[in-house]
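Enquirer: Below you will find the structure I want to go over with you.
The values are calculated or read from the model by the stated rules, or taken from the named source; none is laboratory data. As the structure is a computational prediction, the values presented were derived from the model and not from experiment. Note: ideal-geometry Cβ built from the backbone for every residue, glycine included; neighbour counts use all protein chains shown. The protein model used for the area step is the full one, side chains on, heavy atoms only, and it has no ligands, DNA or RNA in it. Shrake-Rupley method; radii C 1.70, N 1.55, O 1.52, S 1.80 Å.
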Amino acid sequence: MIKPVYILSDAVITPLGRNSDETLRQLYAGATSVKPYSNSQFGTYYTSRFGEESVYGNNHHSTIFTRIEQLIIDSIQQALEPLLVRTDQKDVLFVVASTKGNIDQLDNPLFDQSRLRIGVMAAYITRFFNDPNQPVVISNACISGVQAIEYACYALQQGTYKYAVVTGADLASDFVLSGFYSFQAMSPFPCKPFDKDRAGVSIGEGCGTLILSTEPEDGAIEIAAVTSSNDANHLSGPSRTGDGLSNAIAWAMQEAQVKGAEIDIISAHGTATIYNDEMESLAFQTAQVTDALVFSIKGNIGHTLGAAGIIETVFLAHCLKNNSGIPSLGFEHQGTSVALNICTESNRNRELKIGLKTASGFGGGNAALILKK
């Protein structure tokens, strides 16, 4: 990178916890919020979603903001709380990642249809924080979260902004679930990333926020590189050889000036679909990072779509701080042609200095991010 970018603060809200620490404790304990639900269209399915009693966040102005907007506002406020950052200044940029935004309001006749556009939704949120800048929206399928971080890093490095508030959220609406059902991609049981008996994805709800800056604070994790690529293979299927992802990883390692053997831990995309997990294993082999500890948290909280890259980057950073990987829930037997070093228990026996986050999505998108302690 031209100039290092650092993670100053973070906040994650999932059905497992109302903040990063709560969710992390549950992840280390091997807990899951993926549960069975029933739908008249596709019968029993497994997903991770907020119960109505939690009402998606903390009910900020519930008559003004939708569920996903409340969730994002709560997450941003949590992340900002320990910092002296004024969001009413021009040097603060908001970057919002989501694949579907307010799509759960599609059949609500009383809802302002313009807010179905993610850009309009983002503007509602930034007005709450009195930010004078136009928010940037990244909506590129399941790599949206990592690409939002990528955009924020580039913007900070230009020197126009001092801080970037990177946030992402998605909900498990019927619209989203029916789409994955039509692809026959939903698992008939809680998803099992990288396991030989995996049968598809479990969708999840959640929100994550990162506060980034080129000015570090004590103990801040460095974002050493973020890159993205497109394998141009298929509308919904990844390259069978993993070449698009391996290219993104190689570019990230080159930018971060690290070698494959130096990668200690990988937060994989790990959707538990047949093709994604196999493709990732091949990409890791090509990039020569198969010795690293690998984990996926989608067995715990499901696939949070546009929020996944942000949420999973947050927990990769915490793994580096704690020198402890997160057990990959659902993994029992090696299920990819390339054997991976899957994390099955919290391991504090070695120091973790460098972490890799990967993401892939519909349309052939791939992204890679490298963190340094």
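Enquirer: With the structure loaded, tell me whether GLU345 is open to solvent by 50 Å² or more (accessible area, probe 1.4 Å) and closer than 22 Å to ASN300 by Cα or whether it fails that test.
Expert: Taking the combined requirement at face value, the residue satisfies it.
Enquirer: Now for a separate question. Among GLY335, GLY325, GLY299, GLY330, which is the only one that is more than 21 Å from the chain's Cα centre (by Cα), closer than 23 Å to GLU278 by Cα and surrounded by 20 or more Cβ atoms within 10 Å (Cβ to Cβ)?
Expert: GLY335
Enquirer: Could you go through the stretch 201-212 and let me know if any residue there is among the acidic types (Asp, Glu), within 19 Å of the chain's Cα centre (by Cα) and not in a helix (DSSP H, G or I).
Expert: yes
Enquirer: Further, regarding this structure: Is it the case that the stretch 346-355 has a residue that's under 15 Å from the mean Cα position of the chain (by Cα) and not acidic (Asp, Glu)?
Expert: Among the residues of the stretch 346-355, at least one is under 15 Å from the mean Cα position of the chain (by Cα) and not acidic (Asp, Glu), which makes the answer yes.
Yes/no matrix, rows are residues, columns are (1) surrounded by fewer than 21 Cβ atoms within 10 Å (Cβ to Cβ); (2) of a type in the set (D, E, K, R):
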residue: TYR6; (1), (2): yes, no
residue: ALA11; (1), (2): no, no
residue: LEU16; (1), (2): no, no
residue: ARG25; (1), (2): yes, yes
residue: TYR28; (1), (2): yes, no
residue: LYS35; (1), (2): yes, yes
residue: SER38; (1), (2): yes, no
residue: GLY43; (1), (2): yes, no
residue: THR47; (1), (2): no, no
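Enquirer: Let me ask something additional. Let me spell it out: the conditions are (1) in contact with a Gly (Cβ under 6 Å, 6 or more places away or on another chain); (2) more than 20 Å from TYR163 (Cα to Cα), and SER144 meets all of them except one. Which number is the exception?
Expert: Here SER144 meets the rest and fails (2).
Here's the yes/no breakdown for (1) assigned to a strand (DSSP E or B); (2) among the β-branched types (Val, Ile, Thr); (3) modelled with pLDDT of 95 or more:
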site: ILE266; (1), (2), (3): yes, yes, yes
site: ASP277; (1), (2), (3): no, no, yes
site: PHE315; (1), (2), (3): no, no, yes
site: LEU320; (1), (2), (3): no, no, yes
site: ILE326; (1), (2), (3): no, yes, yes
site: THR344; (1), (2), (3): no, yes, no
site: SER360; (1), (2), (3): yes, no, yes
site: ILE370; (1), (2), (3): yes, yes, yes
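Enquirer: Consider the stretch 80-121. How many of its residues are small (Gly, Ala, Ser) and either closer than 18 Å to SER9 by Cα or open to solvent by 20 Å² or more (accessible area, probe 1.4 Å) (or both)?
Expert: 3
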